[in-house]
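**Q** For reference, the structure I am asking about is given below.
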Amino acid sequence: MTPASINTDLFQNPDKSLIFLASDRNEYTYQNLYGFTDWLLKKTEGVSFSAHKPLLICSPSSDEVIFLISACFLLKIPFISLHEDFSDSDAEKLKDQIDPALIYTTDENRFDQTFTASNLQISNDELLRTADFNTTSFSLHDPEQIAGLFLTSGSTGTPKIVPIKRRQVFFAAQASAENFKPGKNKYWLLCLPLNHVGGISIILRSLLYGSAIYRVDKFETEEVSNLLANHREFEVASMVPTMLINIMDDSHFQTHPKFKAILLGGGPITLELIEWAITRGIPIVTSYGMTETFAQIAANPILSPSGMYSPKNSVGRLFPPNSIEIRNDEGAALPLRESGQIWLKGPQIFDGYLSEDLNEIVFDENGWFKTGDFGYLNFRKQLFIETRRTDLIITGGENVNPHDVEQVIETFPGISRSAVIGVHDKKWGQRVVAFYTSDMDQIDETELKTYLKKELLAYQVPKELIRKDSLPVTALGKIKKRELLRSYRD
C-alpha cells in the first residue's frame with residue numbers, strides 16, 4: 001500500500017543517460033549503476049538478507065561504496081556502513097545484534113575472527129558495466145522494509161543501531177525536494193563520511209531525484225572552494241560547520257552565481273557563523289535532524305545570497321506531515337515560546353532501535369519519540385535548538401559518546417575517575433575536554449595522549465586533559481558535568 005502524502009510522480013527511475021556519479025577517478029551514468037545493480041543481483045543470488053543479516057560495508061570513501069549503497073537500495077538489500085577504522089574488537093560488540101550475510105571491505109581478511117560471511121570483491125570494471133536492469137526500486141509498495149542500519153555512537157561501548165526504513169527515505173527525500181534538490185546532470189557535492197546518515201542521505205536522495213553526485217575522497221579546503229566557486233554544474237553541497245568555517249577563512253571565497261546553497265547540519269550552528277555567511281553572501285540552509293529521522297527533518301528555505309533568515313538562529317519549520325511537541329520533564333506539552341524537550345512523531349521518524357530494550361525510555365505510549373534535545377517553537381512554529389542530546393558531543397560533524405572516552409581514559413594506569421564534556425569551539429562546533437583524578441602524584445600526560453590516540457578514533461581524543469583533585473558529584477555519586485562546564489568557562 002502506498003504511504004499517504006507521498007508524491008508518487010516524484011520518484012521515477014532516472015534516465016540511463018544521466019550522470020549518476022563523478023569523482024577525480026571517473027564519471028558514471030545511471031546506465032553504469034543499472035549494470036552494476038544487475039551484477040550485484042547475480043552475485044547475491046541465494047544469499048538471505050534481513051535487518052539482522054545485512055550487507056556490511058567497511059571501507060574508506062570510494063566510488064565503489066556509493067555504487068554499492070545505491071544498488072542495495074535498488075535491490076532492497078539492508079546494508080550497514082561502518083567507519084574504516086572499525087576493528088574486530090569493535091565488531092565483537094555488534095555480534096549480539098547483527099550477523100552480516102555478506103561483507104565488503106578493502107581488506108579481505110577484515111573481520112575474519114568475528115563474522116563468517118564471505119567477502120564481496122568489486123573491481124573498477126564492475127562500475128563500468130552497461131547492462132539494462134528493469135528495476136522497481138522506487139516502488140512505494142514496500143515502505144516498511146529496512147533500507148539500512150546506522151550506528152548512533154562512537155566505535156567503542158555498546159552501539160545503538162537505528163534501522164532506517166524505506167518509508168523514511170521517501171518522506172525525507174520528498175520534503176527535501178521542495179527546498180534542496182539539484183537539477184538533472186547537476187552535482188550535489190559529497191564530502192561527508194559514508195558511514196554517517198548525513199553522507200548516505202545524499203546518495204539516496206540523489207538517486208531518487210535522478211541528479212548527480214560528485215564525491216571527494218576527503219574534505220580539502222582548496223579543492224572544495226574551487227569546485228563551488230568556479231564550476232557551475234555544482235548546485236548544492238552538504239557540510240558540517242567546521243567545513244564552512246574552513247572555506248570562509250579564505251576572504252576571497254565566493255560561490256558561483258548559479259549555486260543554490262550549502263546545507264549546514266551535523267553540529268552546533270552558532271549565530272556568529274550564520275551572520276558571517278550572510279555577510280559574505282554565501283547561501284546556507286540551516287537544518288535540524290538526526291540519525292533516527294534520516295537526517296534533516298526541519299530546515300530553513302533556500303535564500304538568495306542577499307536574503308536573511310528571520311529569525312536567523314531558527315532551524316526552520318518541521319517538515320510535514322511530521323509533528324512536533326515541546327514537553328516539560330513530566331511529559332506535558334508546553335505552549336509556544338516555552339523551552340522544553342523536543343518530541344517527534346510521523347512517517348520520517350524511526351520505529352525503534354534494533355535492540356528493543358532501548359525503546360521503552362525513548363517512546364511514549366502514543367508513539368512519540370523523545371529526542372533528548374531541548375528547544376522551543378515561536379508563534380510561526382519555527383524551531384529553535386538550545387541544547388542537543390546531553391549525552392553526545394558533536395565535534396566537526398562527528399558524534400562522540402563521552403562514556404566511551406571515559407571508559408578508555410580510566411584504563412590508563414593511575415587514573416581513578418574521569419569526566420568528558422563538550423565545550424563550545426568556533427571551528428569544530430564543540431571540542432572534547434576531559435577531566436580526571438589520579439591516585440598517583442604525577443601522570444605523564446604525553447604518555448596518556450599517546451595511549452588515547454592508540455585506543456580511540458582521532459575525533460574522540462580529548463583536545464585538553466585537565467587534572468582535578470576531585471570531581472563534583474551528586475549525593476548518588478553521579479558527576480556534575482554542568483558544574484565542570486561552568487568551571488571550565490570561568
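We did not get these values from a lab; they are worked out from the coordinates using the rules stated. None of the values given here were measured: they were computed from a predicted structure. Neighbour counts are summed over all protein chains in view; Cβ atoms, including those assigned to glycine, are modelled from backbone coordinates with ideal geometry.
**Q** Taking each pair of distinct Cα atoms in the stretch 354-446 once, what is the resulting Kirkwood hydrodynamic radius in Å?
**A** 16.3
**Q** Please identify every one of the trypsin sites (Lys or Arg not before Pro) in the stretch 202-260 that sits in a loop by DSSP and has no more than 15 other beta carbons within 10 Å of its own beta carbon.
**A** Qualifying residues, ordered by number: Lys218, Arg232, Lys258.
**Q** Let me ask another. Are there any GluC sites (Glu not before Pro) in the stretch 203-307 that are in a DSSP loop and have at most 15 other Cβ atoms within 10 Å? List them by number.
**A** Sites meeting the loop and neighbour criteria: Glu220.
**Q** Cα gyration tensor of the stretch 31-169, axes a ≥ b ≥ c as square roots of the eigenvalues: rounded (a/c below 1.5), prolate (a/b > b/c) or oblate?
**A** oblate
**Q** Mind jotting down a quarter of the surface of the convex hull over the alpha carbons of the stretch 259-300, in square nanometres, one decimal?
**A** 3.1
**Q** Rank Trp39, Gln254, Ser87 by how far each Cα sits towards the positive end of the charge dipole of the chain (+1 on Lys, Arg Cβ; -1 on Asp, Glu Cβ) and give me just the farthest.
**A** Selected residue: Gln254.
**Q** Let me know the charge dipole size of the stretch 93-238 about its Cα centre in debye, to the nearest 20, where only the beta-carbon of Lys, Arg (+1) and Asp, Glu (-1) is charged.
**A** Result for the stretch 93-238 is approximately 520 debye, rounded to the nearest 20.
**Q** Which translational diffusion coefficient, to the nearest whole µm²/s, is obtained for the stretch 182-324 from the Stokes-Einstein equation, given a Kirkwood hydrodynamic radius over C-alpha pairs, 37 °C and 0.692 mPa s?
**A** Numbers: Rh = 15.4 Å.
Answer, rounded: 214 µm²/s.
**Q** Rounded, prolate or oblate: which fits the stretch 262-410, taking a ≥ b ≥ c as square roots of the Cα gyration tensor eigenvalues, rounded meaning a/c under 1.5, else prolate when a/b beats b/c?
**A** oblate
**Q** So what's the stretch 1-110 giving for Cα Rg divided by 2.2 N^0.38 Å, two decimals?
**A** Values: Rg = 16.0 Å, N = 110, 2.2 N^0.38 = 13.1 Å.
So the stretch 1-110 has a normalised radius of gyration of 1.22.
**Q** Let me spell out the model: positive unit charges on the Cβ of Lys and Arg, negative unit charges on the Cβ of Asp and Glu, origin at the Cα centre of the stretch 393-489. What dipole size does that give, in debye rounded to 20?
**A** Around 560 debye, computed over the stretch 393-489.
**Q** May I have the pair-distance distribution P(r) for the stretch 252-333, computed from all Cα-Cα distances with 10 Å bins from 0 and rounded to whole percent?
**A** Percent of pairs per bin, in order: 16, 43, 29, 9, 3, 0.
**Q** Remind me, what semi-axes does the stretch 309-370 give for its equivalent ellipsoid, largest first in whole Å, using sqrt of 5 times each Cα gyration tensor eigenvalue?
**A** Values: eigenvalues 112, 47, 19 Å².
Each semi-axis is √(5λ); the values are 24, 15, 10 Å.
**Q** Hey, another quick one. Given q = 0.14 Å⁻¹, what are the Debye log10 I(q)/I(0) values for the stretch 393-489, with equal point scatterers placed on the Cα positions and solvent ignored?
**A** Normalising to I(0) and taking log10 leaves -0.49.
**Q** Sequence-distant or interchain residues sharing an amide H contact under 5 Å with Ala298, placed H: which?
**A** Residues meeting the amide H criterion: Tyr288, Phe319.
**Q** Using the crude model of +1 on Lys and Arg Cβ and -1 on Asp and Glu Cβ, and no other charge, please compute the dipole size for the chain relative to its Cα centre, in debye to 20.
**A** Charge dipole of the chain: 1580 debye, to the nearest 20.
**Q** Among Ile203, Leu102, Ser23, flag the residue with its Cα farthest along the positive direction of the charge dipole of the stretch 19-317, charges on Cβ as +1 for Lys/Arg and -1 for Asp/Glu.
**A** Ile203
**Q** For a quick size check, give me the Cα extents of the chain along its three principal axes, largest first, whole Å.
**A** Sorted from largest, the Cα extents of the chain read 69, 55, 51 Å.
**Q** At a Cα cut-off below 20 Å, give the aspartates and glutamates reachable from Lys381, other chains included and same-chain residues fewer than 8 away excluded.
**A** Here the aspartates and glutamates satisfying the reach criterion relative to Lys381 are Glu178, Glu325, Glu338, Asp373.
**Q** Continuing with this model, one more query. Order these by the 10 Å Cβ neighbour count, fewest first: Ser211, Ser339.
**A** Ser339, Ser211
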